[in-house]
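First the structure, in the form of structure tokens, and then the observations on it.
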Amino acid sequence: MPSAQSRLLIKGGKIVNDDQSFDADIYIEDGIIKQVGTNLVIPGGARTIEARGKLVMPGGIDTHTHMQLPFMGTYAVDDFYSGTKAALAGGTTMIIDFVLDQKGVSLLEAYDKWRGWADPKVCCDYGLHVGVTWWSDQVAKEMETLCAEKGINSFKMFLAYKDVFMLNDDELYESFKRIKELGALGMVHAENGHLIAEKSKEMLKMGISGPEGHEMCRPEEVEAEATQRAITIANQANCPLYIVHVMSKSSADVVSKARREGKVVFGEPIAASLGTDGTHYWNKCWRHAAGHVMGPPLRPDSSTPGYLMDLLANNDLQVTGTDNCTFSADQKALGKDDFRKIPNGVNGVEDRMSVIWEKGVHSGKMDPCRFVAVTSTNAAKIFNIYPQKGRIAVGSDADIVIWDPKESRTISAKTHHQAVDFNIFEGMVCHGVPVYVITNGHVVLDEGQLKVTQGMGRFIPTPCNAEMVYGRVAKRELARMPQKVERDPYTGPVVKIENQDEVPGVKRDENPIVGDTASFAHSRPPTRGGGRNLQDSSFALSGEQFDDKAPRRAQIRTSNPPGGKSSGLW
């Protein structure tokens, strides 16, 4: 019989799902939602949480994190413990991290390494994407194993980080074809790695070595170009595509346009691109500027966050992550003399929900149902874990956040729960605060007090062939299948090539336009009196003129030039 500690009643709140909101109570037992409604009959001994005046929403799903990532010679300071602890403090009850190892490393070995890091530490549930940083038959075979046996349905490729993670276009196409065969989802970091490498050298030659050089060597058109290229290549492979960390207006426009053209593509802005901008790169304090360095960079156009939020609110962009990859100020200082050596990454896993509520709902750009969609439900659908996650309904996991829209908090590195010593949202006042957070039926944030258990989270497999991703792909493939034209065989004459080495074409001496002779070719005969026909052209492609041999006069004096003499009195 379940213990009283596993029973929970949430009473009097307003339930908000992505498609509707309504007043109801929720009864939870053994980590599962058992009843939703009013006047519930529940067993004795259950704890009751009073939620009157509050919103009861599915816990957030952060689609993009990098906990304890080995990168640029160091490790991200937030590991799977501190990172998931901070996530829960902010109302996020599941993260999806990235298996991301060096070129040449087995994908299966890398997967086992990340599971070994995460399983003993996670405080909330988590899933994994796998990065494809090199291409071979071995990689293609291991991708199948990951999908069939390891609970993976998404693979990320890089168009940036030349010589480290980047794939060439032909490798990208092969990977997309393989992903499509497996019913998985292709993900892309979209920046032009070749251009960035060259522009970085140019910046350093000009003496620009600070964080501002990071943004200037990878302007937003470099992101937009790679986004368009990735969409084009994926479309040719009929592979659904997910663009991670959409950072610029122009890149977002590319995604929006592609969706309007019927392409299966999803766009993921992140807390950073929705909550702040790239003007910080020009801050006089090096540490402050370096604290914002990430790839792609934040954009100096201060209207970018609002623009991206508008697109997110109206489904041009669909889902939100954080790209949470945190490095301390001392780690960032590895690039004090060369911006290329600053470890890329910012925070966000704790503050994503509050930032999106503040910039989206509190500002009047989206309603609470859309907030649930972009912070939880759409992610659950895209990665095929819906309605286990992303919904408050009978049978769903009891991952719930009780949200007070009237409360406010000020974001600061001094009070956040992350291990990093810097916060890119420092000083931002956010209306909308989680007062209770429940993960798998356990109350981990209780009236502002955080109580987590290391290793309590579970790995959540993400099955292939998600309905939201592949629902129209099969019919699209049939409709777009190339068709052979049935016609009678050609039976006419065929030119015979005598000399294969000779370049076919018309010889110069056979050219009727430009002759080989030095004499000027008149296009019209002389007049009956022997003079030049005035309709005869004096132009020839050879450059000759009809009067080339005539003597030249030094000058011609005109008594009354057109317009009158300049020496006369007026």
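Just a few scattered comments:
- Considering every alpha-carbon pair of region 210-299, the percent of pairs per 5 Å bin, from zero through the bin containing the longest distance, is 3, 15, 24, 20, 15, 10, 7, 4, 2, 0.
- Region 332-379, accessible surface, carbon-and-sulfur percent (1.4 angstrom probe): 50 percent
- Per-residue ellipticity at 222 nm computed for the chain from its helices equals -7000 deg cm²/dmol, with DSSP H segments shorter than 4 residues left out and the rest contributing -39,500 (n - 2.57).
- Full extension of the segment from ARG532 to ASP337, taken as 0.36 nm per residue of separation minus the current Cα-Cα distance, would add 62.6 nm.
- Placing a label point 7 Å from the Cα of ASP367 along the Cα-to-Cβ direction, no residue of region 58-98 has its backbone N under 11 Å from that point.
- Eligible aspartates and glutamates near LYS365 by straight Cα distance, threshold 16 Å, same-chain separation 8 or greater: ASP18, ASP310, ASP316
- Anchor LYS336: aspartates and glutamates whose Cα lies under 18 Å away (excluding residues fewer than 8 positions away in-chain): GLU202, GLU212, GLU215, ASP421
- Restricting region 404-493 to chymotrypsin sites (Phe, Trp or Tyr not before Pro) that sit in a DSSP loop and have at most 16 other Cβ atoms within 10 Å of their own Cβ leaves TYR490.
- Stokes-Einstein translational diffusion, region 306-360 - Kirkwood Rh over all Cα pairs, 1.306 mPa s, 10 °C, in µm²/s: 120 µm²/s
- Local electrostatic count, HIS280, Cβ distance below 15 Å [Lys/Arg +1, Asp/Glu -1]: -1
- With N the number of residues in region 389-434, Rg(Cα) / (2.2 N^0.38 Å) evaluates to 1.54.
- Derived scalar couplings between HN and Hα for region 140-150 equal 4, 5, 5, 4, 5, 5, 4, 6, 6, 10, 10 Hz in order, rounded to whole Hz, by the Karplus curve 6.51 cos²θ - 1.76 cosθ + 1.60 (θ = phi - 60°), x for Gly and Pro.
- Over the chain, Cα pairs under 8 Å with separation of 6+ residues give a relative contact order of 18 percent.
- In region 335-415, the trypsin sites (Lys or Arg not before Pro) that fall in loop regions by DSSP, at most 13 other Cβ within 10 Å: LYS414
- Among the trypsin sites (Lys or Arg not before Pro) in region 66-172, those located in a DSSP loop and surrounded by at most 13 other Cβ atoms within 10 Å of their own Cβ are LYS103.
- In nm, spacing of pseudo-spin labels at VAL394 and LYS205 (7 Å Cα→C-beta vector): 7.0 nm
- Relative contact order of region 113-213, defined on C-alpha pairs under 8 angstrom at six or more residues apart (%): 25 percent
- Residues whose amide H falls under 5 Å from that of VAL346, counting only those 5 or more places apart or on a different chain, are CYS325, with hydrogens built in the peptide plane.
- Per residue, region 265-332 exposes 27 Å² of accessible surface when a 1.4 Å probe is rolled over the protein heavy atoms with every protein chain present.
- Applying 1/(1 + (r/R0)^6) with R0 = 45 Å to the Cβ-Cβ distance of LYS549 and ASN499 gives a FRET efficiency near 0.65.
- In terms of Cα atoms, the Rg and Dmax of region 133-196 work out to 11.9, 38 Å.
- Shape box of region 39-159 [Cα atoms, principal axes, largest first, Å]: 60, 33, 27
- Between helix 80-90 and the chain: long-axis angle, C-alpha atoms, 0 to 90°, nearest 10: 80 degrees
- Percent carbon-and-sulfur accessible area, region 82-127, ignoring ligands, DNA and RNA, probe 1.4 Å: 51 percent
- Hits among aspartates and glutamates - C-alpha to C-alpha of LYS14 under 12 Å, sequence gap 8 or more where chains match: ASP23, ASP25, GLU50, ASP404
The values are calculated or read from the model by the stated rules, or taken from the named source; none is laboratory data. Worth saying up front: this structure is predicted, and the values here are computed from it rather than measured. We place every Cβ from the backbone using ideal geometry, glycine too, and count neighbours over all the protein chains shown. For accessibility, only protein heavy atoms count, side chains too; no ligands or nucleic acids. Shrake-Rupley method; radii C 1.70, N 1.55, O 1.52, S 1.80 Å.
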